[in-house]
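Let me begin by presenting the structure, written as structure tokens, before commenting on it.
The values are calculated or read from the model by the stated rules, or taken from the named source; none is laboratory data. Computed from a predicted structure; not experimentally measured. Note: ideal-geometry Cβ built from the backbone for every residue, glycine included; neighbour counts use all protein chains shown.
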Amino acid sequence: MTRNDVAARPALRRGSRAGRSPRRAGGSLLPRLVFLGPGLAYLIVLLAIPLALVLSYTIFKRGRFGGVVYEATGENFARLFDPLYLNVVVSSLKIAVLTTVLALLIGYPTAYVIAHLPRKWKTIALVAIVLPFWTNFLIRVYAWIVLLSGPGLVNTALTRLGLVDEPLELLYNQGAIVTGLLYSYLPLMVLPLYAAIERLDPQLREASANLGARPARTFVSITLPLTVPAALTGCVFVFVPSFGNFVIPELLGGGRSIMVGNLIRDQFLKARDWPFGSTLALALIAVLIVLLFLQAWAARRYGGGETRRG
Amino acid sequence: MSRNRRTRCLSAVAAAAGLALALAACGGGSGGANPSATSGAQAAQLDPNADLTKQSLTITIWDGYSPKDLPERVKSKLGFDVKVGIHDTNEMAMAKLTASDGGGVDVAFVSGQYAQALNEAGLLEPLHPELIPNLANLYPEAQQLSYDKGNKFSVPYTWGTTGICYRSDLVKTPPTSWNDILNPPADARKKVTMMTTERWLALPALKYLGYSVNTTDDAQLAKAKELLEKAKPNLLAYDDTTFGERLTKGEAVMVEAWDGWCPTGEENIEFVVPKEGSDLWADTMVIMKNSKNKEAAHAFINFILDPSVHGWVAANILYKVPNKAAMDQVDPKLLEANTPLKMTPADLLQGESLVDLGEASTKYTRLSTEVAAQQ
């Protein structure tokens, strides 16, 4: 992975310089379009158009059977500020932030250890991190139900060992939701961190040691700052799907608490209120865009030039 | 056998990740009701001697809710092709049927209150009873469903009620009241589930308070909400789909359940309709106004009402069918093992039919969101 990146970097530079050169500037539109075409078509048809449609719904009224009645209204946005929905947004934020922080706390040491393993074990560890993705998401979530439920494996083990008298209530609460989200998205934290830590120039740490810094100092002054951008990337990768998730709150939360994702899904599939569902979706997108800007800003601030490419 | 048609909500949940957006995109311009249509529109002129082999049908139905070989049987008996489309929930069916061309569907299977809404939007063809002689097989009670008295635009396919499904070996005293779910005895605490779909979420509280399941009165709904919020800490979970499994595993001891869905075939699992009463739900067959194959559609419904076809539903999905001839030929052993199947039409009519509430349905949406969001 590292070698590829290192090799890719000069190539990238060459490419961009060539792109700017006057010789290539004219007459190359067609090949560029040919190569860009499929990707652009994909984005336009499957992202831009549906998104534009959804966003346009936000200013109309709901149809009785779903769909929209094309009469302009500001009511959907007013409803966003209803304490009922605000509370759901706030509790989703809490759950997503908690998940992200835990993912960072667990993911960073994991990535650090993997990056320093011998080559062979490194591959095995990375495969092990990615392996769960080969199984269907729903099946993995259901597995947690089997593990955590009242008569489930964890409780049975704890009772047999005599550690608890009564089965613990492990499932159908916010703890179970956070556990499920953490489990599902932890790899998205580990992988970018691993890539960044592994790519660090060992000479920097040697230099730090030569100048008399102890390992802890080296970590705080060298390793940590250089991996902040990757950590931020990981945080965004974990936060975004956690914030909008609705399957895990339903299955592991037992429907006892709802997140923004559930709210949006219900507006479309149960309440037949597409305009308000769209408005909620827009609000979600807005929150995420703000976060992405913050992440980009922080990455620039702490990252410095070279490592930002991660 | 897929008797649990409501499990499909779950796969819907799974699929809905990207679907919510996609749905919004495809259904774009459906614009809800067709503004030019008026309810109870004129019946089309139909030709009882039409050549059915020149027609073909597209139906939409829940997966596993009709015999697998239905298209072949129709083809050999009536001579036309049937294309079977699937919907996961009533809401998905509605999205299809309210699209500009009715989604190309001729015959749709939807719940009673949705049939009512479709009819009010002028999307349904009034039935021509003379083309459905097998209507005579239905119980007289099947004409008294309040969303469509006299079966003017819908024919009931299955019907049933909602009650409490429980483990007779794990509860001290068998439940008799909705209060047993709302305020469970100590030994059942955290071992009770309620449904999450809006109307059924509200039902136990509304019935316990003596209100109508179709109430739109704000004060009554507020009281129901209070009761539901008090019930929440004692619940294991809200569950529309897997409550039967939870009972068999012993994770739950008492659940709010649809009768056909309570696994009464298992030992120690019983079903009771609480003394305060309950609802009467029906899934129906309707013919779309836009259909160009209305003669075939009527012939199809008539074919379904044949005891040999309709009886399949009772025997395989364990839902009661409003068809006397079909119920009469169900194996008595099966009835014995599954007590809900033995409920008589008169018993069922004690329940209150769920009707479409139009704009007031948003009150139920809000109620269920409020209960779910409560910490």
- Message: Looking at the structure I just gave you, is residue A:41 modelled with pLDDT under 90 and either over 30 Å from residue B:361 (Cα atoms) or not in a helix (DSSP H, G or I) (or both)?
- Response: no
- Message: Taking the conditions exactly as written (over 21 Å from the mean Cα position of the chain (by Cα), more than 14 Å from every other protein chain (Cβ to nearest Cβ) and crowded, with 18+ Cβ neighbours inside 10 Å), does residue B:254 satisfy them or not?
- Response: yes
- Item | Filter result (among the hydrophobic types (A, V, I, L, M, F, W, C) and crowded, with 18+ Cβ neighbours inside 10 Å) within segment B:358-375 | B:367, B:371, B:372, B:373
- Query: Counting only residues that are under 30 Å from residue A:273 (Cα atoms) and buried (at least 19 other Cβ atoms within 10 Å of the Cβ), which one in segment B:65-88 is nearest to the other protein chains (Cβ to nearest Cβ)?
  - Reply: B:88
- Task: With respect to residue A:197, determine if the residue is at pLDDT 90 or above, surrounded by fewer than 23 Cβ atoms within 10 Å (Cβ to Cβ) and hydrophobic (A, V, I, L, M, F, W, C).
- Result: yes
- Being more than 14 Å from chain B (Cβ to nearest Cβ) and under 23 Å from the mean Cα position of the chain (by Cα) narrows A:202, A:249, A:241, A:229 down to just A:229
- Query: Taking the condition under 20 Å from residue A:179 (Cβ atoms), touching a Cys at 6+ places or on another chain (Cβ under 6 Å) and either in contact (Cβ under 8 Å) with a residue 40 or more places away in the chain or of a type outside the set (A, V, I, L, M) (or both), does residue A:110 pass?
  - Reply: no
- Query: Looking at (1) in contact with a helix residue (DSSP H, G or I) (Cβ under 7 Å, 6 or more places away or on another chain); (2) outside any loop (DSSP other than H, G, I, E, B); (3) at pLDDT below 95, can you tell me which one residue B:206 breaks?
  - Reply: (3)
- Message: Quick check on segment B:245-291: of everything there that is charged (D, E, K, R) and in a loop (DSSP other than H, G, I, E, B), which residue is farthest from residue B:168 (Cα to Cα)?
- Response: B:289
- Test residue A:109 against the criterion of being part of a helix (DSSP H, G or I) and either acidic (Asp, Glu) or surrounded by fewer than 14 Cβ atoms within 10 Å (Cβ to Cβ) (or both), and give yes or no. yes
- Message: Any residue in segment B:363-375 that is within 9 Å of chain A (Cβ to nearest Cβ) and more than 15 Å from residue A:172 (Cβ to Cβ) sitting within a Cβ distance under 6 Å of a residue that is outside any helix (DSSP H, G or I) and at pLDDT below 90? List the pairs, counting only those 6 or more apart or interchain.
- Response: B:365/A:271; B:373/A:258
- Item | Test set (1) within 12 Å of chain A (Cβ to nearest Cβ); (2) within 23 Å of the chain's Cα centre (by Cα) - residue B:231 fails condition number | (2)
- Message: If I ask for residues that are within 25 Å of residue A:146 (Cβ to Cβ) and either outside any strand (DSSP E or B) or touching a residue at least 60 places away in the same chain (Cβ under 8 Å) (or both), which ones from segment B:209-244 would you list?
- Response: B:232, B:233, B:234, B:235, B:236, B:238, B:239, B:240, B:241, B:242, B:243, B:244
- Item | Checklist (1) in contact (Cβ under 8 Å) with a residue 24 or more places away in the chain; (2) out of contact with any helix residue (DSSP H, G or I) (no Cβ under 7 Å at 6 or more places or on another chain); (3) more than 29 Å from residue A:218 (Cα to Cα) applied to residue A:97, failing item | (3)
- Item | Tally of residues being more than 17 Å from residue B:208 (Cβ to Cβ) and in a helix (DSSP H, G or I) across segment B:349-367 | 9
- Message: Take the residues in segment A:64-101 that are assigned to a loop (DSSP other than H, G, I, E, B) and surrounded by fewer than 22 Cβ atoms within 10 Å (Cβ to Cβ); name whichever of them is nearest to the other protein chains (Cβ to nearest Cβ).
- Response: A:70
- Looking only at residues in segment B:260-279 that are touching a Leu at 6+ places or on another chain (Cβ under 9 Å) and within 18 Å of residue B:208 (Cα to Cα), which one is surrounded by the most Cβ atoms within 10 Å (Cβ to Cβ)? B:278
- Message: Of the residues B:193, B:158, B:176, only one is in a loop (DSSP other than H, G, I, E, B) and in contact (Cβ under 8 Å) with a residue 60 or more places away in the chain; which?
- Response: B:176
- Message: With the requirement that a residue be farther than 30 Å from residue A:182 by Cβ, among the hydrophobic types (A, V, I, L, M, F, W, C) and crowded, with 19+ Cβ neighbours inside 10 Å, what does segment A:54-63 give you?
- Response: A:60
- For segment B:161-173, how many residues meet the condition of being hydroxyl-bearing (Ser, Thr, Tyr) and without any contact (Cβ under 8 Å) to a residue 40 or more places away in the chain? 1
